[in-house]
Amino acid sequence: MPEPFITTVVGSMPKPPWLYHQKPLDSKGFDHHYTGSDWALTGDPLRDAQDDAVRLSVYDQETAGVRIISDGEQRRKSYLTHITSQLDGFDYENRAEKWIRDGRRLAQVGRCTGPVVWLGPMLVDDLRFLLTNTTSPVKVTLPGPMTVVDSTYDDYYGSEQELAMAVADAINKEAKALDALGPAVIQFDEPVFSRYPEKVADWGIEALDRCADGLRAQTAVHVCYSYTIPGVERPIKPSYPQILAELEKSTIDQLALEFQAPQLDPALLELCPSKTVIFGCIDNANSEIEDSQAIAQRLLAAAEHHDPEKLQAAPDCGLVLLSQATARAKLSALFRGTQIARDRLADPRGRAHGPHHD
Ligand code: ZN
C-alpha cells in the first residue's frame with residue numbers, strides 16, 4: 001500500500017530570472033498570454049538554458065522532499081497555449097477578445113478556425129529529458145478540454161461540447177505518446193471546472209475521461225480557483241461539493257484540489273472516497289511560508305474524512321508566480337508537515353516524539 005501524505009507538485013515552478021522575464025501580477029489579474037513576459041534568450045542558448053532550468057527545478061523539488069516531481073514547466077510560457085498553439089485548428093495570429101472564467105476576465109484568446117487535430121508529439125522530448133535527469137517518479141501535465149474551450153474563441157464547431165470532445169481526442173493522443181515513456185502520473189489541468197459546475201456535469205467529465213482513455217500511468221485532474229486575483233475572495237464560487245460528486249464518477253485516479261487558500265472544509269473529501277486526493281496545503285500566491293505544524297494539522301484533518309493512504313500533499317496550484325526562494329521554502333515546509341502528520345498518524349498520542357521511559 002502507498003504511504004500516507006506522499007508529496008508532489010501540481011505542475012509549474014518559478015523560472016529563474018536568467019531564463020525568463022516574468023511580468024508581475026497586476027490588478028487586472030493574470031495575463032493569459034503572458035504579454036510583456038518573455039524569454040531572456042533565443043535559439044540554441046535558450047534551449048540550453050531551459051535544459052539547465054529543468055535540472056535546477058528537479059534539484060529544487062528533490063532537495064525539498066518532493067517525491068513525485070515535474071519538470072517545473074520550465075519550457076512553457078503558458079501551461080495552456082504552449083499546447084493549444086501546437087494543435088491544428090487554432091489560430092493565434094488573429095486573436096479574438098473574449099470574457100473568460102465565467103465573465104471575470106477579458107482576454108485576447110486564440111480562435112478555433114477548423115477541426116482540432118493533433119499534429120504529433122509536443123512534450124515527448126521534454127519528458128524524455130526529464131526522465132534522463134532524475135530517478136524520481138515524474139508527473140507530466142496537459143491542459144484539460146473545458147479549460148481549453150474557455151480559453152479560446154470558437155469560430156468553427158458552434159458547440160462547446162463538440163469542441164471539447166475534439167480537444168479531448170487530441171489531448172488523448174498526446175497523453176498516449178507520453179504514456180509510452182512511462183511517467184508515473186499524467187495530469188489534466190481543469191481550473192475552470194470550479195467556475196462551471198453545471199458544464200462539468202453536462203459534458204466535462206465525459207471530455208476528461210476521453211483524455212485519460214487507455215493510459216497505463218496514474219491519471220490526475222487539477223481543479224482550482226486559478227491564480228489569485230487581487231481583491232477577489234476565495235473560493236470564487238462554492239462549487240467544490242458539486243464538482244467532487246461529479247469527479248467521483250469519472251475514471252480519473254487522482255484529484256489535485258485547492259484547499260489552503262480558501263480554507264475549504266476537508267469534510268468535502270467524503271464526496272470522492274474512491275479517488276486519491278492531492279490535497280492542496282500550500283498557498284501558491286501568498287509568499288508567507290506555511291508553518292509545518294499547521295500543514296500537519298490540515299493533513300490530519302483531511303485524514304479524518306479520507307483514507308490516509310489515498311491522500312497526497314501538494315501546493316494548491318502551480319508555484320510559477322512565486323520567487324524561487326519562496327517556492328523552495330514552501331515545498332520544504334510541506335515535506336516537514338507530511339513527516340509530522342505521518343508520525344502522528346502512526347502514534348496519535350505523540351509518544352514517538354517524547355522521551356521513552358520504558
Ligand atoms: Zn491551479
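The numbers here are math on the coordinates, done by the rules we state, and not lab data. None of the values given here were measured: they were computed from a predicted structure. For neighbour counting, all protein chains shown are included, and Cβ atoms are generated from backbone atoms with ideal geometry for every residue, glycine included.
Observations
- Burial ranking of peptide ranges 65-71, 90-96 (average Cβ count within 10 Å, highest at the top): 65-71, 90-96
- Candidates Cys272, Cys317, Cys211: whichever shows maximal mean-square fluctuation once the chain is modelled as a Gaussian network with Cα springs under 10 Å: Cys272
- Cleavage-rule hits (GluC sites (Glu not before Pro)) in the stretch 273-340: DSSP loop, at most 10 neighbouring Cβ within 10 angstrom: Glu288
- Relative contact order (percent, whole number), the chain, Cα cutoff 8 Å, 6+ residue spacing: 20
- Rounded to 5, the percent of DSSP beta bridges in the chain classed as antiparallel: 30
- MRE, 222 nm, helices only [DSSP H, n ≥ 4, -39500 (n - 2.57), over the chain, to nearest 500]: -9500 deg cm²/dmol
- Put simply, the Cα atoms of the stretch 157-290 extend 39, 37, 28 Å along their principal axes, the longest span coming first.
- Peptide ranges 11-21, 135-145 listed from the most packed, as the mean C-beta count within 10 angstrom indicates: 135-145, 11-21
- Coordinate range of the alpha-carbon atoms in the stretch 244-288 per principal axis, descending: 36, 18, 13 Å.
- Pairs of Cα atoms farther than 25 Å apart, the chain, %: 52
- Loop-located chymotrypsin sites (Phe, Trp or Tyr not before Pro) in the stretch 168-267 (DSSP state other than H, G, I, E, B) with a sparse environment of at most 16 neighbouring Cβ atoms within 10 Å: Tyr227.
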